[in-house]
1. Residue check: is residue 17 assigned to a loop (DSSP other than H, G, I, E, B) and out of contact with any helix residue (DSSP H, G or I) (no Cβ under 8 Å at 6 or more places or on another chain)?
2. Among residues belonging to the range 34-55 that are free of Cβ contacts under 8 Å to residues at least 24 places away in the same chain and under 18 Å from residue 7 (Cα atoms), point out the one that is surrounded by the most Cβ atoms within 10 Å (Cβ to Cβ).
3. Is it the case, given these coordinates, that residue 8 is within 13 Å of the chain's Cα centre (by Cα) and surrounded by 10 or more Cβ atoms within 10 Å (Cβ to Cβ)?
4. Could you say which residue among 23, 27, 13 is exposed (fewer than 11 other Cβ atoms within 10 Å of the Cβ), at pLDDT 85 or above and in contact with a strand residue (DSSP E or B) (Cβ under 8 Å, 6 or more places away or on another chain)?
């Protein structure tokens with residue numbers, strides 16, 4: 001689905017996470033968590049995926 005941008009910061013362990021937002025006149029959708037992308041960035045969480053939408 002969407003690409004999640006994960007940036008490291010000067011503070012150890014802190015990451016800035018920016019999801020890609022897909023929107024139109026009806027509302028929007030974004031993946032706020034995607035396990036494969038987080039693991040690739042060194043963040044290992046226990047849940048698989050999280051989404052957010054609005055209409």
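The values are calculated or read from the model by the stated rules, or taken from the named source; none is laboratory data. None of these values were measured; they are calculated from a predicted model. All Cβ positions, even for glycine, are placed from backbone atoms using ideal geometry, and neighbour counts span all protein chains on display.
1. Numbers: assigned to a loop (DSSP other than H, G, I, E, B): no; out of contact with any helix residue (DSSP H, G or I) (no Cβ under 8 Å at 6 or more places or on another chain): yes.
It is false that residue 17 is assigned to a loop (DSSP other than H, G, I, E, B) and out of contact with any helix residue (DSSP H, G or I) (no Cβ under 8 Å at 6 or more places or on another chain).
2. If we take residues in the range 34-55 being free of Cβ contacts under 8 Å to residues at least 24 places away in the same chain and under 18 Å from residue 7 (Cα atoms), then 35 is surrounded by the most Cβ atoms within 10 Å (Cβ to Cβ).
3. On the way: within 13 Å of the chain's Cα centre (by Cα): no; surrounded by 10 or more Cβ atoms within 10 Å (Cβ to Cβ): yes.
No; evaluated as a whole, the condition is false for this residue.
4. Values: 23 fails: exposed (fewer than 11 other Cβ atoms within 10 Å of the Cβ); 13 fails: in contact with a strand residue (DSSP E or B) (Cβ under 8 Å, 6 or more places away or on another chain).
After applying the criteria, what remains is 27.
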